[in-house]
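Have a look at the structure below before the remarks.
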Amino acid sequence: MTVEPIDERVFSHGPVVIFRWAMAEGWPVEFVTENVSGILGADADDFTSGRVSYSGMIHPDDLERVSAEFQSHIDNGPDKFQHDDYRAVKPDGDVVWLQDFTVLERGETGRVVRALGYIVDITDRRAVEAELRKAHEELEGRVEGRTEDLTREVAERQATQNRLRGAVESLQEGFALFDSDDRLVLFNDTYRQLNPLAPEALEKGMTFEELIRANIKRGVLTEAKGREEEFVRDRLEAHRNPGGAILRNFKGGRSYLLKETRTPEGGGCADVRGCNRIAARKCGSGGNQK
């Protein structure tokens, strides 16, 4: 079966330009399709007559690299290759980006006698890529800036929290802080000693009610025995609408004065200090056992 050669008119229009170069200085053009003028701004006759040099159109910043790539393939192969994208300068000064695919033809001695290839105008694609890179870099810059801001905010919050913890730990009495969802979020070591469930409550995100019920279940609050639900209701009412200090009786005969207040954010804090019951009554708290 004989395959007819492709009519060159197939390439007379469109973005692909076919070249055949001679192996001489400046890569003289032996043949080029007519559509070259639409891409490089010079007619086919300008190239084949030598009035325009192909190598002379390659951007000065790219010519050395393109020449080195070409020579490397002449010396070492392979004979079919694609150049890295390069720029060409049109006669009117406009710059276009080209994609170049080349095939070397060798004679019987292995010497390259000519080169065949085609170029594609990729200027629009490169412009889009440049815009995407710019947008990506700007986005990375904004993300990096925001990350730095967040890192700084986290560090500042951590420093503030550390100062707050230091202040809370310096208190002689027990102290606990509940957030607007009534979950335990902060306490000092004194409070932990008075309420051993505090670390577990903090870890599990227990609410005040859950903490009270857990203490009742463990038998810590002796005054709740036999009236557990009533005690929980009364205790929640006093917690949500705090008044004066109240006396709390714990297992082992321990008693504590508890003073609660609400925070502007809707949370609450508790101040707990140990005392004996006689002292508590002298403070006027013995009558409030809720």
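The values are calculated or read from the model by the stated rules, or taken from the named source; none is laboratory data. These numbers come from a predicted model, not from an experiment. No Cβ is skipped: glycine too gets one built from the backbone with ideal geometry, and neighbour counts run over all protein chains shown.
Worth a mention:
- Qualifying residue in the stretch 180-189 (condition: assigned to a loop (DSSP other than H, G, I, E, B), under 34 Å from the mean Cα position of the chain (by Cα) and of a type in the set (Asp, Glu)): yes
- Count of the stretch 239-263 residues which are part of a helix (DSSP H, G or I) and in contact with a helix residue (DSSP H, G or I) (Cβ under 7 Å, 6 or more places away or on another chain): 1
- Considering residues of the stretch 18-43 that are in a loop (DSSP other than H, G, I, E, B) and among the charged types (D, E, K, R) only, the residue surrounded by the fewest Cβ atoms within 10 Å (Cβ to Cβ): GLU25
- Residue that is surrounded by the most Cβ atoms within 10 Å (Cβ to Cβ), among those in the stretch 208-233 that are touching a residue at least 24 places away in the same chain (Cβ under 8 Å) and among the β-branched types (Val, Ile, Thr): ILE212
- The number of residues in the stretch 185-207 that are buried (at least 20 other Cβ atoms within 10 Å of the Cβ) and modelled with pLDDT of 90 or more comes to 0.
- Of all residues in the stretch 219-238, those satisfying the criterion of being at pLDDT below 85 and assigned to a loop (DSSP other than H, G, I, E, B) are GLY219, VAL220, LEU221.
- Close pairs from the stretch 127-145: first of a type in the set (A, V, I, L, M), partner modelled with pLDDT of 85 or more and not in a helix (DSSP H, G or I), Cβ under 7 Å, at least 6 apart: none
- Any hit, the stretch 128-149, residues being farther than 21 Å from ILE39 by Cβ, polar (S, T, N, Q) and under 35 Å from the mean Cα position of the chain (by Cα): yes
- Condition check for LEU164: aliphatic (A, V, I, L, M), out of contact with any helix residue (DSSP H, G or I) (no Cβ under 8 Å at 6 or more places or on another chain) and exposed (fewer than 13 other Cβ atoms within 10 Å of the Cβ): yes
- The residues of the stretch 56-115 that are assigned to a helix (DSSP H, G or I) and closer than 18 Å to GLU30 by Cβ, listed by number, are GLY56, MET57, PHE70, ILE74.
- Counting the residues of the stretch 62-108 that are of a type in the set (A, V, I, L, M, F, W, C) and surrounded by 18 or more Cβ atoms within 10 Å (Cβ to Cβ) gives 7.
- Filtered by the rule that a residue be in a loop (DSSP other than H, G, I, E, B) and at pLDDT 80 or above, the stretch 137-178 gives a lone residue, GLU173.
- Exactly one residue among ASP75, ASP46, ASP79 is in contact with a Lys or Arg (Cβ under 8 Å, 6 or more places away or on another chain) and either among the charged types (D, E, K, R) or more than 17 Å from LEU98 (Cβ to Cβ) (or both), and that residue is ASP79.
- Between ILE246, ILE216, ILE212, the distinction of being modelled with pLDDT of 85 or more, under 20 Å from GLY267 (Cβ atoms) and not charged (D, E, K, R) belongs to ILE212 only.
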